[in-house]
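Chemist: The structure that follows is given in the form of structure tokens.
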Amino acid sequence: MKTYLVGGAVRDKLLGIPVKDRDWVVVGASSQQMLDAGYQQVGRDFPVFLHPDTHEEYALARTERKSGQGYTGFVVHADKTVTLEEDLLRRDLTINAIAQDDEGKLVDPFGGQQDVENRILRHVSPAFIEDPLRVLRVARFAARFHHLGFVIADETLTIMQTITASGELEALVPERIWSEIAIALREKSPQVFFQVMRDCGALAVLLPELDNLFGIPQPAKYHPEIDTGIHTLMVLEQAARLSDEPVVRFAALMHDLGKGAVPRKQWPNLKGHEQLGAGLLKLLCSRLKVPNDYRDLAILASTWHTHCHRSLGETAEHILETLEALDAWRKPERFRQFLLACEADARGRLGLEDRPYPQTDLMIRMLDATTDVKASAFVEAGFRHAEIGEQVRLKRLELIREALGTT
């Protein structure tokens, strides 16, 4: 029985970046031996155990054989006879197929160290084609390591395109698709994930609403980059600069979804895309089982981002309408997230990436000016039912006018 540190921990040590989790593979042992040694079994499909002291994961060396469609269609074999090299062979990328023994010696049968040095994401073996989930995983690693200069090997991208063309991606369950998207949104360069997905054709299969945005022209006066799809990825890039919150990044990514539903005869006038986007988002989020907080913020960003952009110089009534629609007094944190998505949209334009966005300060100032208005004060004053809401609104309008200096 021998244990090896494997996967991301070895890779990240080679890259000189912090190691977050450590995974181990055990060669030459049986499940009973692991249990006898005090390990706790947690894997049902294949033997994975938690160390009795560190609680790190230890998996028995295993092989996999394709037996059906999708990422679950595999027969797993794990026993004492499976070698370390056989276990590493089933992994996705060479940079993830490096092991380290207890003396610090690296075992690297597939050239992972060289690919780390050359910044290449390359599949380990032809068996890569058997698991459609690896299309999303490679796109995610491309997003994680883009800032370090990593690119996908041409032959690996070709296999990803082949997987997409095979129809295997359609076997992925919505929860698994969303899980990969949610992780990708947390990566250093999330826009790269969606670009890679488009490069291999997967975006059109899994997120056709997003893929439809590419090729739709916008007025150059407002969008020097012209193409709506390019703008969308630029907005996501800016959102990643502004916020670590995946919910903000998702809203930024989805803010212009409705432009894909505007009739071609109207192009490049994309008037009405805000409400069209809200409808598409409801369907997309239902299909992928997107969490409600992601869905709600994205719908608000789609529907109200242009109102926020136009808030400078607008009337108090316009600003109050926007604050009311966003339920800003009851949900100030979500309002802050909305403003970040709007700022990302304003900056996600060619040559305007560092433009100021004074609308944020304006809208926060208007919220602060009205935050002390309470319905209870009007109840005490004798108002009833609908009168209370109307008085609250009138008072907020008065305070916004004062704050704007328009009284």
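Chemist: Considering the stretch 262-282 alone, what residues qualify as being touching a residue at least 24 places away in the same chain (Cβ under 8 Å), part of a helix (DSSP H, G or I) and of a type in the set (A, V, I, L, M)?
Modeler: Within the stretch 262-282, ALA278, LEU280, LEU281 meet the criteria.
Chemist: I'm checking my understanding of the structure. Among residues of the stretch 162-197 that are under 17 Å from THR232 (Cα atoms) and β-branched (Val, Ile, Thr), which one is surrounded by the fewest Cβ atoms within 10 Å (Cβ to Cβ)?
Modeler: Out of the qualifying residues, it is ILE181.
Chemist: Looking at the stretch 65-122 only, could you name the residues that are hydrophobic (A, V, I, L, M, F, W, C), touching a strand residue (DSSP E or B) at 6+ places or on another chain (Cβ under 8 Å), at pLDDT 95 or above and over 19 Å from VAL26 (Cβ atoms)?
Modeler: LEU93, ILE95, ILE120, LEU121
Chemist: Further question: Just need a number here: residues in the stretch 76-109 that are in a loop (DSSP other than H, G, I, E, B) and within 20 Å of THR158 (Cβ to Cβ).
Modeler: 3
Chemist: Has the stretch 250-261 got any residue that is without any contact (Cβ under 8 Å) to a residue 12 or more places away in the chain and either within 19 Å of the chain's Cα centre (by Cα) or surrounded by fewer than 20 Cβ atoms within 10 Å (Cβ to Cβ) (or both)?
Modeler: Looking for residues that are without any contact (Cβ under 8 Å) to a residue 12 or more places away in the chain and either within 19 Å of the chain's Cα centre (by Cα) or surrounded by fewer than 20 Cβ atoms within 10 Å (Cβ to Cβ) (or both), one finds none in the stretch 250-261, hence no.
Chemist: Another one. Considering only the stretch 351-387, how many residues are farther than 20 Å from THR322 by Cβ and in contact with a Ser or Thr (Cβ under 9 Å, 6 or more places away or on another chain)?
Modeler: 0
Chemist: Residues of the stretch 110-134 being hydrophobic (A, V, I, L, M, F, W, C), more than 28 Å from LEU206 (Cβ to Cβ) and part of a helix (DSSP H, G or I), which ones?
Modeler: VAL116
Chemist: Just give me the residues in the stretch 344-360 being within 15 Å of CYS308 (Cβ to Cβ) and acidic (Asp, Glu), in sequence order.
Modeler: Our first condition is that a residue be within 15 Å of CYS308 (Cβ to Cβ); within the stretch 344-360, this holds for 344-348, 355-360.
The answer is ASP345, and nothing else.
Chemist: Could you tell me which residue of the stretch 135-155 is surrounded by the most Cβ atoms within 10 Å (Cβ to Cβ), considering only residues that are in contact with a strand residue (DSSP E or B) (Cβ under 8 Å, 6 or more places away or on another chain) and not in a helix (DSSP H, G or I)?
Modeler: Taking the candidates together, the pick is ILE152.
Chemist: Would you check which residues across the stretch 11-56 are outside any strand (DSSP E or B), in contact with a helix residue (DSSP H, G or I) (Cβ under 8 Å, 6 or more places away or on another chain) and surrounded by 14 or more Cβ atoms within 10 Å (Cβ to Cβ) and list them?
Modeler: Within the stretch 11-56, ARG11, LEU14, LEU15, ARG22, PRO47 qualify.
Chemist: Any idea which of (1) free of Cβ contacts under 8 Å to residues at least 12 places away in the same chain; (2) over 24 Å from LEU326 (Cα atoms) is the one HIS223 doesn't satisfy?
Modeler: All conditions are met except number (1).
Chemist: Regarding LEU297, is this residue aliphatic (A, V, I, L, M), out of contact with any strand residue (DSSP E or B) (no Cβ under 7 Å at 6 or more places or on another chain) and within 25 Å of ILE183 (Cβ to Cβ)?
Modeler: The answer is yes for LEU297.
The values are calculated or read from the model by the stated rules, or taken from the named source; none is laboratory data. The structure displayed is predicted, hence computed values, not measured ones. Positions of Cβ are generated from backbone atoms using ideal geometry, with glycine treated the same way; all protein chains shown enter the neighbour counts.
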